[in-house]
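The next block holds one structure in the form of structure tokens; read it before the comments.
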Amino acid sequence: MSAFLATHTRTHSNGALRAGDAGKRVVLTGWVQSYRDHGGCVFIDLRDRDGLTQLVFDPGFHPGAHVVAGDLRNEWCIGITGEVRSRGGKVNDKLPTGAIEVWVDEIEIFSRAETPPFAIEDDVDTNDSLRLKYRYLDLRRPKLQRNLRMRSHITRATRSYLGDHGFLEMETPFMVKYTPGGARNFLVPSRLNPGSFYALAESPQIFKQLLMVAGYERYFQIVRCFRDEDLRNERQPEFTQIDIEMSFVNEQILQTMMEGLMATLWKEVLGVELTLPLRRMSWAEAMDKYGVDKPDLRLDLVLTDVTKPASTSGFGVFEGVVKNGGIVKALRVPKNEKLTRSVLDGLGDFAKSYGVKGVAFVRVLDDGTWQGPIAKNYSEAARTETTQLCKAEPGDTIIFVAEKFKVANTTLGAIRLHIGEKLGLIRKGEWQFMWLTDPPLFEVDEATKEIAAAHHPFTSPRVEDEDKLESNPEQVFARAYDLVLNGVEVGGGSIRIHRSDLQARCFKALQISDEDQQRKFGFLLDAFKYGPPPHGGIAFGLDRLAMLMTGAEYMRDVIAFPKTQKGSDLMTDCPTPVSAKQLAELFVASTYEPKP
């Protein structure tokens, strides 16, 4: 046992002391951030999760402590006692504790450290793989510690708000029944049931609906979810949801409750007052104006449908797209010196990854005519109507994309953000929330015309669209909603189907047979025979919320122990092969021979 800790208890964190604490005796603990020997006094910056305090080891003040300090090196873990003194006119304005220093009269070295593979500092240019291999060192960096402390604050405030509003925190199983369709599941072999497997739950969806059937009315869970997907900076194989379900609600009741949660988080965690109610926008409006169902409203640029004038413009490319069932969308960019010809010429390559062969553009001249590659191909009437529809003025640029509805919107929506970044038009520092409402209930494959649930098969159609389920399913919209923040979907949910007759019609539209219904969802459908209440829910991505609230660039910067884009953990070196004996115990035969 440490002799120091047997007689001393820490009095302050290393970010706590201020000018008013001068004269106090203190006990501090932490890690050596930096070491400076000025030929007499030794100066140490002592670090913990709250900040830094400068320590002074003066041979005239306490020779014994000074001798020990001569051996200290970065990342050694120590405890000290000493006297807080003012720094007078030598204040370090870069530190909250910069008005004071602690003159040390006792020190204990708790543990020594080897030289770290990288400096424990923010903004050090270090290979990401090295950071992840030594994640426990990377997590000492002040930026990551701030991020993870804020994440903890988010979860604490969430539990408090939901608990105060009658929500019960309840757990649901991680190991669940495998149901084909949707995201790919991780599978877990069952030793006690040879040849059978659990799936790791991709969400608690069915279980939280069962809790509504069971009469618990308001449920929440901060829960781990698992999906075996291809990864990117906003996706991990295991992630965390703030999962919520409510009985006896409609969209307005649920959304109002969730707006209160967001207002609470922003006030308590960031000190920001949100204006409620939050903006609402239909899916149709979002696609029309922004080309995507999660528009970034910090950017004022909007899209315009110019299919009508394009169809008789005299420009063969656009007319051909319209005749084949496509659309022509335009983006008006106000006069801006940064929008150079080289930027415009680069849009063609940018758009290729979205499946578009080319991007057209023109500049509007003072007399209303156009300048650009397609200007001479456009009739005067079509040009005039297009300019008016786009509300373009002299000096403005109009960018065009002509393709099928989804591709045209997605591409020009991406160009909108690309141009906004290039020109510096996205207003940083704003929090632009919006509810996206009334999305399509089904996704229809343009080639095969196969229908799939856009969300999940328990999402309720809008009441006014129920009569189209059999006759025109493509025109059925859902009682679903996403919460979008600065162009990122941070939450999504829906009002669920609780009527067996309506559920049967939706299954029929999805061409799910009675046999498949029972195989995939039999236990939920059985439960719905016993008086299910009207209910709805939502799930927020805690990792995404934390990433936005902290200003982190990558999701891994708000997760303590993340995986790489290949789903591996470089620190623990997993996943790893297992022995033939282990597989045999699980009744699993392996035909894969790992590379040596």
### Query
How many residues, within the range 215-240, are over 20 Å from Arg159 (Cβ atoms) and part of a strand (DSSP E or B)?
4
### Residue list for the range 528-562, filter: surrounded by fewer than 17 Cβ atoms within 10 Å (Cβ to Cβ) and either of a type in the set (Asp, Glu) or over 10 Å from the mean Cα position of the chain (by Cα) (or both)
Lys529, Tyr530, Gly531, Pro533, Pro534, Gly551, Glu553, Ala560, Phe561
### Query
How about the range 305-354: which helices (runs of 4 or more DSSP H) wholly inside it have at least 2 residues that are within 15 Å of Phe405 (Cβ to Cβ)?
307-311, 316-323
### Message
within 26 Å of Leu331 (Cβ to Cβ) and out of contact with any Leu (no Cβ under 9 Å at 6 or more places or on another chain): is that true of Ala447 in this structure?
### Response
no
### Task
Please determine, by comparing only the residues of the range 397-409 that are touching a strand residue (DSSP E or B) at 6+ places or on another chain (Cβ under 7 Å) and either without any contact (Cβ under 8 Å) to a residue 60 or more places away in the chain or buried (at least 19 other Cβ atoms within 10 Å of the Cβ) (or both), which one is nearest to Leu339 (Cα to Cα).
Thr397
### Message
Filter the range 410-427 down to the residues that are without any contact (Cβ under 8 Å) to a residue 12 or more places away in the chain and closer than 19 Å to Ala310 by Cα and list them by number.
### Response
none
### Query
Can you find a residue in the range 66-77 that is assigned to a strand (DSSP E or B) and over 24 Å from the mean Cα position of the chain (by Cα)?
yes
### Query
Given the conditions (1) modelled with pLDDT of 95 or more; (2) at negative phi; (3) not small (Gly, Ala, Ser), which single one is not true for Glu474?
(1)
### Leading residue by the ranking (nearest to the chain's Cα centre (by Cα)) among those in the range 459-486 that are crowded, with 20+ Cβ neighbours inside 10 Å and in a loop (DSSP other than H, G, I, E, B)
Asn486
### Summary
Looking across the range 211-259 at residues that are among the β-branched types (Val, Ile, Thr) and farther than 30 Å from Ser568 by Cβ, the single one that is surrounded by the most Cβ atoms within 10 Å (Cβ to Cβ) is Ile244
### Query
Which residues, taken from the range 241-263, are assigned to a helix (DSSP H, G or I) and either farther than 18 Å from Asn486 by Cα or touching a strand residue (DSSP E or B) at 6+ places or on another chain (Cβ under 9 Å) (or both)?
Glu251, Gln252, Ile253, Leu254, Gln255, Thr256, Met257, Met258, Glu259, Gly260, Leu261, Met262
### Query
So, in the range 381-407, of the ones that are of a type in the set (Gly, Ala, Ser) and touching a Ser or Thr at 6+ places or on another chain (Cβ under 9 Å), which residue ends up nearest to Gly326 (Cα to Cα)?
Ala402
### Query
Here are some residues: Asp58, Asp21, Asp37. Which one is out of contact with any strand residue (DSSP E or B) (no Cβ under 7 Å at 6 or more places or on another chain), touching a residue at least 24 places away in the same chain (Cβ under 8 Å) and not small (Gly, Ala, Ser)?
Asp37
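The values are calculated or read from the model by the stated rules, or taken from the named source; none is laboratory data. This structure is a prediction, so every number in the text was calculated from the model and none was measured. Don't worry about glycine lacking a Cβ; one is built from the backbone with ideal geometry, like all the others, and counts go over all protein chains shown.
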